[in-house]
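Everything below concerns the one structure shown next.
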Amino acid sequence: MREISMPEHVNPSDRQIVLKYSGGKDSGATWAALIANGLDIAAVVCSDTGWEADQWYTHLANMQDVMKREITVIRATVQLDDWIEPYALELEEMLGRYSPMVRLILKKGMFPWRQGKWCTTILKMETFGEWLEQSDVKQQLLVTGVRSDESKTRALYPVDEADPLGGWSWRPILRWSIEDVLEAHRESHIPLCSLYRDG
C-alpha cells in the first residue's frame, strides 16, 4: 500500500481526525491508509441522502462489522408544508426509508442539476457542519477520499487546506491511481461495495 504523509504544518496531537466516509472505494482506501499509518480516527461520519441503493446500506453495515467501528450516519431534516408531506411519505414508503433527497426535490419542485448542485450543499456539507457543532470533536482534521483522477476540478485541489468549518482538510490519497485504491482494499481485506462488482 502506498504511504501517506501527514501535512507538515499539522500537528496530529493538536487535531482529531474525522473521516468523511462515503461508502465508496476511495473513502474505503483512505480508511485503510489511515489505519496502516497508525493514525487514530476520532470519528467516521457518513452522510445519508436517502437516495442510495439498497446495497449501499448493506455495505455500511458490513463495514462496521469488518472495521469493528461505528459509522456515524447523519441525515438532513427537511420540513415540508402540510400539503406536500403525504407525497413524501408515499415515496419514502416505496424507498423503504426516510429520504432527505426526496423531500428536497418536492420542496424545490426540481431535481439538482450540473449548475445547481444544492443536494451536496444541503444534504452533506450543511448537515456535516451541524453534526460537527454538536459533537465532542475539537480542532478537527477532516479527511476525505477525494482523488485527482476523478475530475478536472478535483485535479486542481490541494492535498490539504484550511477548512471552512474552522479546522483543516486533508486529502491523503489525492494522487493515488485506481490501482492504488484497489491494492489498499486487497491488502487490508476491506470489502468493496457490491455495486462495484455488479457493474
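The values are calculated or read from the model by the stated rules, or taken from the named source; none is laboratory data. Quick caveat: nothing in here was measured; it's all calculated off a predicted structure. With ideal geometry, Cβ positions are generated from the backbone for all residues, glycine too; neighbour counts draw on all protein chains shown. These area figures cover heavy atoms from the full protein model, side chains too; ligands, DNA and RNA do not enter into them. Shrake-Rupley method; radii C 1.70, N 1.55, O 1.52, S 1.80 Å.
Quick one: length gained pulling Asp65 to Ile35 fully straight, 0.36 nm per residue minus the C-alpha distance?
Using 0.36 nm per residue and subtracting the Cα-Cα distance, I get 9.2 nm.
Along the charge dipole of the chain, Cβ charges K/R +1 and D/E -1, which of Pro112, Ser22, Val44 sits furthest on the positive end?
Pro112
Using a Gaussian network model of the chain whose springs link C-alpha atoms within less than 10 Å, name the residue from Asp82, Asp149, Asp48 with the highest mean-square fluctuation.
Evaluated over the chain, the most mobile residue of the options is Asp82.
Can you give the accessible area of Ile173, probe radius 1.4 Å, in Å² rounded to 10?
0
Could you provide, to the nearest whole Å², the per residue accessible area of the chain with probe 1.4 Å?
Accessible surface, normalised per residue, equals 57 Å².
In degrees between 0 and 90, to the nearest 10, how far off the longest principal axis of the chain does helix 54-67 point, with axes built from Cα atoms?
40
At 1.4 Å probe size, with no ligands or nucleic acids counted, give the accessible surface of Met94 in Å², nearest ten.
Rounded to the nearest 10, the figure is 150 Å².
Rounded to the nearest percent, how much of the accessible area of the chain (1.4 Å probe, protein heavy atoms only) is carbon and sulfur?
50
For the full complex of protein chains and a 1.4 angstrom probe, list His189, His59 by accessible area with the highest value first.
Largest accessible area first, the residues go His189, His59.
Sorted by mean Cβ packing within 10 Å, highest first, what order do the peptides 33-42, 156-165, 13-22 take?
By packing density, highest mean first, the sequence is 13-22, 33-42, 156-165.
Distance check, please: which entries in Lys68/Lys124; Lys25/Lys117; Lys68/Lys108; Lys68/Lys117; Lys68/Lys138; Lys20/Lys68 exceed 28 angstrom between their Cα atoms?
Lys68/Lys108; Lys68/Lys117
Please build a GNM for the chain, connecting alpha carbons under 10 Å apart, and tell me which residue among Trp56, Trp83, Trp176 fluctuates the most.
Residue with maximal mean-square fluctuation among Trp56, Trp83, Trp176: Trp83.
Whenever you get a sec, line up Ser99, Ser5 from highest to lowest accessible area (probe 1.4 Å, protein heavy atoms).
Ser5, Ser99
Quick one: angle between helix 178-188 and the longest Cα principal axis of the chain, in degrees between 0 and 90, rounded to 10, please.
Tilt relative to the chain: about 80 degrees.
Report, in degrees rounded to the nearest 10, the 0 to 90 angle that the Cα long axis of helix 85-95 makes with the longest principal axis of the chain.
50
Rounded to the nearest 5, what % of DSSP beta bridges with both residues in the chain are antiparallel?
The antiparallel proportion sits near 20 percent.
Could you quote the convex hull projected area for the chain, Cα atoms only and averaged over all directions, in nm²?
Result: a mean projected hull area of 12.2 nm².
Compute the distance in nm between two label points, each set 7 Å from the Cα along the Cα-to-Cβ direction, one at Glu92 and one at Leu165.
2.4
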